[in-house]
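Enquirer: Sharing a structure here in structure tokens format.
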Amino acid sequence: MSQTLVAPSVLAADFANLQRDVEMINESQADWFHIDIMDGVFVPNISFGMPVLRDIAKHAKKIIDVHLMIVEPDRYIKTFASLGADVLTVHYEACTHLHRTLQAIKAEGMKAGVALNPHTNVHLLEDTIQDIDLVCLMSVNPGFGGQSFIENTYQKVKDLREIIVEKGASTKIEIDGGVTNKNALQLKEAGADVLVAGSYVFKSEDPIQTIAGLKDLLA
Ligand code: DX5
Ligand code: ZN
């Protein structure tokens, strides 16, 4: 099995020292940047938007994984491509024509991701899994960093892994919310490929070391 990737969530960074925190991720063993875009409609919070992403992308030297927690994501696919997103993830719950949205993301040269809220069943992706590069399983209700991990996620990872294998897809499974050194290994063993970690990384004393510790645990 390929290595498990770690994607620090910039939502937990210090926005007054954003370049410093972006450089920290560049220098660390982290694999991706995870960027949370919230519109205050799909989720009860507003994070940051295009100008901030543009400036992050200017300094980021790793894959930029953008998680859109917004309604009508189709309106912004081209914009996010031009801002430097490598992976663009939309929410299943925000897409009426998910298949069309996935094609539109890929047409802009990005990898296409679909995020599922904790209440959304993984089997709903059976008919689209071959078109999805990444499934982001929300292990908290989206909208805020620093929440506790929902234990039912392990079972969802296993069920989704089965679907991926059964359909011969090459989709990666990403876990987002409440990831720490306490659940990382169990998530990997259940079949996760990418672990997003916000507070666990940025609120720690030595984020570079915390990322290294996670990578060691997953090696
Ligand atoms: C939640 C966001 C997450 C969040 C994770 O809505 O999608 O990416 O930043 O933060 P932690 O790791 O603190 O739960
Ligand atoms: Zn996220």
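The values are calculated or read from the model by the stated rules, or taken from the named source; none is laboratory data. As the structure is a prediction and not an experimental result, all values here were calculated from the model. Every residue, glycine as well, gets a Cβ built from its backbone with ideal geometry; the counts of neighbours run over all protein chains shown. Accessible surface areas use protein heavy atoms only, side chains included; no ligands, DNA or RNA. Shrake-Rupley method; radii C 1.70, N 1.55, O 1.52, S 1.80 Å.
Enquirer: Using modelled backbone amide H atoms (1.01 Å from N, in-plane), which distant-in-sequence or interchain residues come within less than 5 Å of residue 147's amide H?
Expert: Here 178 satisfy the definition.
Enquirer: Taking the simple approach of a point 7 Å from Cα along Cα-to-Cβ for both residue 180 and residue 165, what is their distance in nm?
Expert: 3.0
Enquirer: Could you give me the ³J(HN,Hα) list for region 172-179, computed from phi with Karplus coefficients 6.51, -1.76, 1.60 and θ = phi - 60°, whole Hz, x at Gly and Pro?
Expert: 8, 10, 10, 10, 9, x, x, 7
Enquirer: Further question on the same structure: Please tell me the relative contact order of the chain in percent, rounded to the nearest whole number, where contacts are Cα pairs under 8 Å and at least six residues apart.
Expert: The normalised contact order for the chain reaches 22 percent.
Enquirer: Straight-line reach only, C-alpha to C-alpha below 19 angstrom: list the lysines that residue 158 could link to, leaving out same-chain residues fewer than 8 apart.
Expert: Partners found: 167, 172, 182, 188.
Enquirer: Taking a ≥ b ≥ c as the square roots of the Cα gyration tensor eigenvalues, with a/c under 1.5 meaning rounded and otherwise prolate when a/b beats b/c, else oblate, which class fits region 5-218?
Expert: oblate
Enquirer: Right, here's the next one. Once a ≥ b ≥ c are taken as the square roots of the eigenvalues of the Cα gyration tensor of region 97-172, is the result rounded (a/c under 1.5), prolate (a/b larger than b/c) or oblate (a/b not larger than b/c)? Could the numbers behind the result be given before it?
Expert: Details: a/c = 2.26, a/b = 1.35, b/c = 1.68.
The shape class here is oblate.
Enquirer: Here's a follow-up. Between region 78-112 and region 4-71, what is the separation of their alpha carbon centroids in Å?
Expert: Value for the Cα centre distance between the two parts: 17 Å.
Enquirer: Give me the distance in nm between label points sitting 7 Å out from Cα along the Cα-to-Cβ direction at residue 45 and residue 130, one decimal.
Expert: Distance between label points: 3.8 nm.
Enquirer: Under 5 Å between amide H atoms, partner at least 5 residues away or on a different chain: which partners does residue 91 have, H built in plane at 1.01 Å?
Expert: Hits under the 5 Å cutoff: 70, 115.
Enquirer: Can you pull out the trypsin sites (Lys or Arg not before Pro) in region 1-83 whose DSSP state is coil and whose Cβ has at most 15 other Cβ atoms within 10 Å?
Expert: Sites meeting the loop and neighbour criteria: 61.
Enquirer: Within a Cβ distance under 14 Å of residue 108, other residues only, what is the Lys/Arg minus Asp/Glu net charge?
Expert: Net local charge, residue 108 excluded: +2.
Enquirer: Here is a further query. Which aspartates and glutamates have a Cα lying under 14 Å from the Cα of residue 62, excluding residues fewer than 8 positions away in the same chain?
Expert: Excluding near neighbours in sequence, the set is 21, 23, 27, 31, 86.
Enquirer: Sticking with this structure for a sec: If you take every DSSP beta bridge fully contained in region 5-218, what fraction is antiparallel? Give it as a percent rounded to 5.
Expert: On the way: 1 of 33 bridges.
DSSP beta bridges in region 5-218 are roughly 5 percent antiparallel.
Enquirer: Give the shape of region 63-146 as rounded, prolate or oblate, defined through the alpha-carbon gyration tensor: a ≥ b ≥ c are the square roots of its eigenvalues, a/c under 1.5 means rounded, and otherwise the shape is prolate if a/b is larger than b/c and oblate if not.
Expert: Working: a/c = 1.67, a/b = 1.21, b/c = 1.39.
Since a/c reaches 1.5 but b/c is at least a/b, the shape of region 63-146 is classed as oblate.
Enquirer: From Cα pairs below 8 angstrom and at least 6 apart in sequence, can you work out the relative contact order of region 95-213, rounded to a whole percent? Walk me through the numbers before you get to the answer.
Expert: Details: 178 pairs, mean separation 26.0, N = 119.
Once normalised by length, the contact order is 22 percent.
Enquirer: Something else about it: Restrict the search to region 159-219; then list the trypsin sites (Lys or Arg not before Pro) that DSSP places in a loop and that have at most 16 other Cβ atoms within 10 Å of their Cβ.
Expert: 167, 182, 203
Enquirer: In whole Hz, with x marking every Gly and Pro, tabulate ³J(HN,Hα) for region 64-71 from phi via Karplus 6.51 cos²θ - 1.76 cosθ + 1.60, θ = phi - 60°.
Expert: Per-residue couplings from phi come out as 9, 9, 9, 10, 8, 9, 9, 7 Hz.
Enquirer: Turning to a different aspect of this structure: On the first, second and third principal axes, largest extent first, how far apart are the outermost C-alpha atoms of region 1-86 in Å?
Expert: Here the spans come out as 37, 34, 25 Å, largest first.
Enquirer: Continuing with the same structure: How much accessible area per residue does the chain have, counting only protein heavy atoms and a probe of 1.4 Å, in square angstrom?
Expert: Ligands and nucleic acids excluded, the result is 45 Å² per residue.
Enquirer: Follow-up question, since we're still on this one. Using the Karplus curve 6.51 cos²θ - 1.76 cosθ + 1.60 with θ = phi - 60°, work out ³J(HN,Hα) for each residue of region 214-219 in order, rounded to whole Hz, and write x for Gly and Pro.
Expert: 5, 4, 4, 4, 8, 6
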